[in-house]
Amino acid sequence: EAGVAQSPRYKIIEKRQSVAFWCNPISGHATLYWYQQILGQGPKLLIQFQNNGVVDDSQLPKDRFSAERLKGVDSTLKIQPAKLEDSAVYLCASSSLPSGIAGEQFFGPGTRLTVL
Amino acid sequence: GQQVMQIPQYQHVQEGEDFTTYCNSSTTLSNIQWYKQRPGGHPVFLIQLVKSGEVKKQKRLTFQFGEAKKNSSLHITATQTTDVGTYFCAGVSGNTPLVFGKGTRLSVIA
């Protein structure tokens, strides 16, 4: 089966610019996650969707970050405006299990964002 | 909030030596997962432990979940160059989402 797809793979922008990332989860996976992974750290959850509803966005900096999953399939994560500290790899993951039931998460290749 | 700590941060071993990474949580976990991330790659799920004192094996990898469900370990016997990467533990406590540790980066010298 096809894995989690993400694009772009790399993005370089200047601070205060906007950027958007796209994720297409594994077919049939209802739960979708966006993580931020700063160099040398573990992934940090930004937002979790169950179908097209937000389950957890407690760690999403809502003044600059937004995410949506309008049709309950693919998702976009946006940063506006970007700051230097947003430089990181943004990972999308999906799971066949409903939120609240822990299990294997399948990660995409990630988007490496560099903010200059 | 929940914190997951891993030690060591780095480990360099000669090929054939054993390797162990330890994971400790500030809260009791309902389950713990382990992931491997190759250099330049993305995290790949290895295993999930749920029961107190649980031990699971995958070929040369042995995973343990502590009796108090606050710690876990991953042991690799006779490391190979293919074991190179960063090993993350990630825990779930109550209704909180998965929290990852900072990982242990393993280097294997041939």
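Tell me which lysines have Cα within less than 26 Å of B:LYS69's Cα, excluding those fewer than 8 residues away on the same chain? Correct list for B:LYS69: A:LYS44, B:LYS36, B:LYS51, B:LYS56, B:LYS57, B:LYS59, B:LYS102.
For peptide B:92-98, what's the mean number of Cβ atoms from other chains within 10 Å of each residue's Cβ?
5
Output the relative contact order of chain B, whole-number percent, from Cα pairs under 8 angstrom with separation of 6+ residues.
With pairs under 8 Å counted, the relative contact order is 38 percent.
Per-residue packing, averaged as other Cβ atoms within 10 Å, sorts the ranges B:54-62, A:76-84 into the order A:76-84, B:54-62, beginning with the highest.
Given +1 on the Cβ of Lys and Arg, -1 on the Cβ of Asp and Glu, and no further charges, what dipole in debye does the protein assembly as shown carry about its Cα centre, rounded to the nearest 20?
Numbers: 23 positive and 16 negative charges, 52 e Å.
Around 260 debye, computed over the protein assembly as shown.
Computed 3J(HN,Hα) for the stretch B:94-110, one whole-Hz value per residue from the Karplus formula 6.51 cos²θ - 1.76 cosθ + 1.60 where θ = phi - 60°, is x, 9, 6, x, 4, 10, 8, x, 7, x, 10, 8, 9, 10, 10, 9, 6, glycine and proline marked x.
Using the structure shown, list the pairs from A:LYS15/A:LYS71; A:LYS62/A:LYS83; A:LYS11/A:LYS83 with a Cα-Cα distance above 21 Å, or answer none. Beyond 21 Å between Cα atoms: A:LYS15/A:LYS71. Summing +1 for each Lys or Arg and -1 for each Asp or Glu, what net charge is found among the other residues whose Cβ lies under 15 Å from the Cβ of B:THR96? Net of charged neighbours comes to +1. Based on C-alpha pairs under 8 angstrom that are at least 6 apart in sequence, chain A has a relative contact order of 37 percent.
Sorted by mean Cβ packing within 10 Å, highest first, what order do the peptides A:4-14, A:23-33, B:17-27 take?
Working: A:4-14: 15.0, A:23-33: 19.9, B:17-27: 18.3.
Answer by packing, highest mean first, reads A:23-33, B:17-27, A:4-14.
Here the Gaussian network model covers chain B, with springs between Cα atoms less than 10 Å apart; of B:LEU74, B:LEU98, B:LEU49, B:LEU98 fluctuates the most. Averaged over the residues of peptide B:33-44, the number of Cβ atoms from other protein chains lying within 10 Å of each residue's Cβ is 4.
Sorted by average packing, counted as other Cβ atoms within 10 angstrom per residue and highest first, what order do A:46-52, B:89-95 take?
On the way: A:46-52: 19.4, B:89-95: 21.1.
Packing order, densest peptide first, comes out as B:89-95, A:46-52.
Stretching B:VAL55 away from B:GLN9 to a fully extended chain increases their span by 14.2 nm, per 0.36 nm per residue minus the current alpha-carbon distance.
Here the dipole of the stretch B:42-110 is about 60 debye; that uses its Cα centre as origin and unit charges on the Cβ of Lys and Arg (positive) and Asp and Glu (negative). With r as the distance between the Cβ atoms of A:VAL54 and A:GLN17 and R0 = 25 Å, compute the FRET efficiency 1/(1 + (r/R0)^6) and round to 0.05. FRET efficiency, A:GLN17 to A:VAL54: 0.50.
Shielding by partners for peptide B:64-74, expressed as the average number of C-beta atoms from other protein chains within 10 Å of each residue's C-beta, is 0.
Each reported figure results from applying straightforward, stated rules to the coordinates on display, with no laboratory input. As the structure is a prediction and not an experimental result, all values here were calculated from the model. Note that each Cβ is placed from the backbone with ideal geometry, even for glycine, and that neighbours are counted across all protein chains shown.
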